[in-house]
1. Given (1) closer than 19 Å to residue 15 by Cα; (2) surrounded by 13 or more Cβ atoms within 10 Å (Cβ to Cβ); (3) more than 13 Å from the chain's Cα centre (by Cα); (4) modelled with pLDDT of 95 or more, identify the lone condition not met by residue 105.
2. Out of all the residues in segment 6-35, which are in contact (Cβ under 8 Å) with a residue 24 or more places away in the chain, under 22 Å from residue 101 (Cβ atoms) and outside any helix (DSSP H, G or I)?
3. If you scan segment 144-157, which residues turn out to be in contact with a strand residue (DSSP E or B) (Cβ under 9 Å, 6 or more places away or on another chain), modelled with pLDDT under 95 and surrounded by 14 or more Cβ atoms within 10 Å (Cβ to Cβ)?
4. Identify all residues within segment 68-103 that are in a helix (DSSP H, G or I) and closer than 16 Å to residue 131 by Cα; write none if there are none.
5. Within segment 108-131, restricting attention to residues that are touching a helix residue (DSSP H, G or I) at 6+ places or on another chain (Cβ under 9 Å), over 23 Å from residue 31 (Cα atoms) and free of Cβ contacts under 8 Å to residues at least 40 places away in the same chain, which residue is surrounded by the fewest Cβ atoms within 10 Å (Cβ to Cβ)?
6. Hey, does segment 72-79 have a residue that's surrounded by fewer than 18 Cβ atoms within 10 Å (Cβ to Cβ), more than 30 Å from residue 111 (Cβ to Cβ) and touching a helix residue (DSSP H, G or I) at 6+ places or on another chain (Cβ under 9 Å)?
7. So which residues in segment 133-156 are assigned to a loop (DSSP other than H, G, I, E, B) and either touching a residue at least 24 places away in the same chain (Cβ under 8 Å) or within 12 Å of residue 115 (Cα to Cα) (or both)?
8. Scan segment 117-132 residue by residue and report those that are farther than 11 Å from residue 154 by Cα and either assigned to a loop (DSSP other than H, G, I, E, B) or touching a strand residue (DSSP E or B) at 6+ places or on another chain (Cβ under 8 Å) (or both).
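The values are calculated or read from the model by the stated rules, or taken from the named source; none is laboratory data. These numbers were taken from a predicted model, which means no experiment stands behind them. Counting neighbours? That spans all protein chains shown, and the Cβs are built from the backbone with ideal geometry, glycine included.
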C-alpha cells in the first residue's frame with residue numbers, strides 16, 4: 001500500500017517546515033553552484049523568510065506521512081516555486097504538486113503555464129521536460145548575481 005500525498009493550503013503552523021524545505025533545496029541545488037560572494041550575500045539576507053511571509057497565504061503544501069514535504073506557489077500563469085525536500089524526491093510529490101498547480105491555473109482560464117529554472121539545474125530541467133514543458137528562452141539570472149543563465153519554460157494547457 002502506498003502512502004497518499006495530501007495537498008492543501010499552507011497554514012501559519014507550516015512556516016518552519018516550509019523554511020526547512022527551502023533551506024534543504026538551497027543547500028542541495030543552488031549553494032554548490034554559487035560564488036562565495038553570492039553565498040555570503042544570500043545567507044546574510046532574510047530573502048527566504050520575507051518571501052515565505054509575503055506568499056504564505058498562497059502556498060500549497062504537500063503532506064506525506066503526516067509531514068509537510070513539498071510546496072508550490074504560483075501567480076496567474078507563472079509558477080514561482082516548486083520545492084520538494086531532497087529526502088522525499090522521486091516519490092511523485094513534485095509531480096502531484098505540479099499537476100495541482102496546472103489544474104488550478106487552467107481553471108483560472110489561462111492557456112499556458114510558465115516557470116523558470118537555471119541552466120545548471122539539470123534535475124529540474126529534466127523533471128519539467130518530462131511533464132511537457134518546453135524551454136523557450138534563456139537570459140541572465142538576476143536573482144543570484146552569480147553568472148547563471150535562467151531558462152524560461154512553457155507548457156500549453
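1. (1)
2. 6, 7, 8, 9, 10
3. Answer for segment 144-157, where residues must be in contact with a strand residue (DSSP E or B) (Cβ under 9 Å, 6 or more places away or on another chain), modelled with pLDDT under 95 and surrounded by 14 or more Cβ atoms within 10 Å (Cβ to Cβ): 144, 148, 157.
4. The answer is 93, 94, 95, 96, 97, 98, 99, 100, 101, 102, 103.
5. Residue satisfying both the conditions and the ranking: 130.
6. No, every residue in segment 72-79 fails to be surrounded by fewer than 18 Cβ atoms within 10 Å (Cβ to Cβ), more than 30 Å from residue 111 (Cβ to Cβ) and touching a helix residue (DSSP H, G or I) at 6+ places or on another chain (Cβ under 9 Å).
7. Correct list: 133, 144, 145, 146, 147, 148.
8. 117, 118, 119, 120, 121, 124, 125
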